[in-house]
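Since every read-out is calculated from the coordinates, none of them should be taken as a lab result. Because the structure is predicted, anything quoted here is derived from the model rather than measured. Glycine also receives a Cβ, built like all others from the backbone with ideal geometry; neighbour counts cover every protein chain displayed.
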């Protein structure tokens, strides 16, 4: 046995398990949606010809992109603050950031129901201060899904960025300030461009998580604001329509891959602009 074949032998069990437990089940689910005696795309054409299905798809895409945007917007400054904090406080702040991920999804969603409900904290506060005369419908809306998803997936963005920002030399920031840039300008011109790889990875994680989340959209959005994940569950478990469920599953996979590709293209464009500026 040559030494060159050893790495392949070590990797073989992993590839076998991957094929058996991931590839084969996925193919067995998706295959019937394309082949009904002959190659056909009828199931996918029918899905996008239905206005109800399209509305669910667009709602899911819209909420996922909004959540990703706000997680990036909030995650960068939070991650920067944590990365530059004293080590004795850093672990405490990371624990606070990770708290939503450590909480049961049902408990977390019911907490938001108590906050956003008709008699919840927000409505009671607004009515007590005279801002509104009657409760406003915050719960069972796209707004509720968005808020709950941001709360859930913001830690993923922060965790990804903290490691990136920690490795950025503080002397670069000091050099920018020495050359006359204020702290905000130095952050935008130095820290933010160097954080792009982390932002892209975090954005992919947040987008994928929001796209595939079930508990939060179901409990905070209800049936009137159904997303692809809840629609998939309804087709599979309630209606027993496994073909439609498989169609939805593949649409979710393809959508995720397309968005990942777009994010990577954005990152490459930003990197090229950075190289041109430094050239």
Neighbour-count order for 105, 203, 268, 229, fewest beta carbons within 10 angstrom listed first:
268, 105, 229, 203
Along the Cα→Cβ direction, 7 angstrom out, place labels at residue 54 and residue 10. What is the inter-label distance in nm?
5.3 nm
Which of 170, 212, 146 has the fewest other C-beta atoms within 10 Å, and how do the rest follow up to the most?
170, 212, 146
Restricting attention to the alpha-carbon atoms of the chain, what are Rg (one decimal) and Dmax (integer), both in Å?
23.1, 81
Computed helical MRE - 222 nm, the chain, DSSP H runs ≥ 4 contributing -39500 (n - 2.57), nearest 500:
-24000 deg cm²/dmol
Take the alpha carbon gyration tensor of segment 130-177, find the square roots of its eigenvalues, order them as a ≥ b ≥ c, and report rounded if a/c is under 1.5; if not, report prolate when a/b exceeds b/c, else oblate.
oblate
Please work out how much length the chain gains when fully extended from residue 98 to residue 20, using 0.36 nm per residue of separation minus the C-alpha to C-alpha distance, in nm with one decimal.
24.7 nm
Work out the FRET efficiency for residue 237 and residue 86 from their Cβ-Cβ distance, taking R0 = 41 Å, and round it to the nearest 0.05.
0.25
So for 162, 27, fewest C-beta neighbours within 10 Å to most, what's the order?
27, 162
Quote the Stokes-Einstein diffusion coefficient, in whole µm² s⁻¹, for segment 82-124, based on the Kirkwood radius over alpha carbon pairs, a temperature of 25 °C and a viscosity of 0.890 mPa s.
200 µm²/s
Hey, what's the per residue convex hull volume over the C-alpha atoms of segment 58-208, in cubic angstrom?
150 Å³
